[in-house]
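The values are calculated or read from the model by the stated rules, or taken from the named source; none is laboratory data. Given the structure is predicted, the values throughout are model-derived calculations rather than measurements. Cβ sites come from the backbone with ideal geometry, for glycine too, and all protein chains shown count toward neighbours.
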Amino acid sequence: MSNKIVRGSDLRQMRNMAGLRTIDMAAAAGVKTRKTYENWEKEMGAPNVNQFFSMAKACGLSAQSIMEFYEFKEQMRGAGFVGASSVS
């Protein structure tokens, strides 16, 4: 099991909910090409904390809502729910 906090599926869900394109997310993260962002969605690498929060802001999410989401995921994992690592 990966110990990554931010997963590609989280980024994809965040982007889709905001109606953004991969190029929009790449621009928000400050990376030169959309391919870098697309690799993050495929679990090949990950954004740093600043990039992640910049993308979240572009999606209209607050730091508080992000923290609540990840706390919920941890609670689900701790309670032994199957697939809790992909709770969305």
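Summary of computed values
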{"read-out": "Residue that is farther than 18 Å from residue 70 by Cβ and touching a residue at least 12 places away in the same chain (Cβ under 8 Å), where the choices are 30, 8, 45", "value": "30"}
{"read-out": "Lone qualifier among 1, 17, 67, 76 - being modelled with pLDDT of 90 or more and hydrophobic (A, V, I, L, M, F, W, C)", "value": "17"}
{"read-out": "Residue count, segment 1-41 (criterion: assigned to a loop (DSSP other than H, G, I, E, B) and not aliphatic (A, V, I, L, M))", "value": "9"}
{"read-out": "Yes/no for residue 67 being assigned to a helix (DSSP H, G or I), more than 17 Å from residue 12 (Cα to Cα) and of a type outside the set (D, E, K, R)", "value": "yes"}
